[in-house]
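Beneath this line is the structure, given in structure tokens, with notes to follow.
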Amino acid sequence: FRNIYIREILSAEERLEGFQPLFNGRDMTGWIGNTTGYYAQDGKIICDPKKAGGNVYTADEYSDFVVRFEFKLTPGANNGLALRAPLKGDAAYEGMEIQILEDSHPKYAKLQPYQFHGSVYGTVPAKRDCLKPVGEWNYEEVTLKGRQITVKVNGKTIVDADLDKASTPETMDHRSHPGLKRD
């Protein structure tokens with residue numbers, strides 16, 4: 001079980017809890033994939049929407065973990081956090097994807113419940129109204145232990161689900177999600 005934080009500086013309490021930083025704040029060391037569209041700047045990982053096609057992955061693999069990160073959305077922003085995802089294929093299906101989405105934007109008016117921010121894409125809908133206004137920093141914590149996933153945003157639990165139950169007898173989007181079985 002790993003405690004990881006996508007931030008370079010950890011508090012003494014986080015270090016005592018066993019958290020380790022995934023990002024050094026200076027460059028994309030420890031990350032692979034599209035490190036042109038995702039790059040380090042001023043202690044942050046920046047997603048350049050003009051160059052961000054594709055994914056960026058941690059060089060190391062994680063099975064059971066707690067990952068904490070902070071993020072700030074721009075109007076209409078759409079991204080995701082891939083979990084237990086292989087380096088090839090669509091992470092939302094071959095792994096799992098936690099939506100990172102400015103879901104109050106008018107272009108997302110027709111989203112399905114499993115597409116809103118914090119949802120496990122296609123399978124587990126998240127509780128709504130957890131995000132701060134666009135341009136403000138949000139705090140998210142995702143815990144994945146065995147078949148159980150929990151997502152907290154700004155201190156509010158928005159997903160607490162058993163992955164087996166979420167896909168039995170089928171997923172909400174009626175599509176195959178083999179990544180739900182990955183460990």
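The values are calculated or read from the model by the stated rules, or taken from the named source; none is laboratory data. Values in this document were obtained by computation on a predicted structure and should not be read as measured data. In this analysis, Cβ positions are derived from the backbone assuming ideal geometry, glycine residues included, and neighbour counts consider all displayed protein chains. Only protein heavy atoms, including side chains, enter the accessible area calculation; ligands, DNA and RNA are left aside. Shrake-Rupley method; radii C 1.70, N 1.55, O 1.52, S 1.80 Å.
A Cβ-based charge dipole, computed about the Cα centre of the chain with Lys and Arg at +1 and Asp and Glu at -1, lands at about 280 debye.
What the Cβ-Cβ distance of His174 and Lys107 gives, at R0 = 25 Å and to the nearest 0.05, is a FRET efficiency of 0.60. Under 5 Å between amide hydrogens, built in the peptide plane, is the criterion, and for Ile4 it picks out Gln20, Val66, Val67, Arg68 among residues at least 5 positions away or on other chains.
Across region 81-174, how large is the tail of the calculated P(r) beyond 17 Å, expressed as a percent of all Cα pairs?
49
Residue ranking by accessible heavy-atom surface, 1.4 Å probe, largest first, among Arg68, Arg182 comes out as Arg182, Arg68.
Considering only Gly89, Phe116, Pro21, the residue lying farthest towards the positive end of the dipole of the chain is Phe116, judged by Cα position with unit charges set on Cβ. Taking a point 7 Å from the Cα of Lys145 along the Cα-to-Cβ direction, the residues of region 1-37 with backbone N closer than 18 Å to it are 1-5, 14-20.
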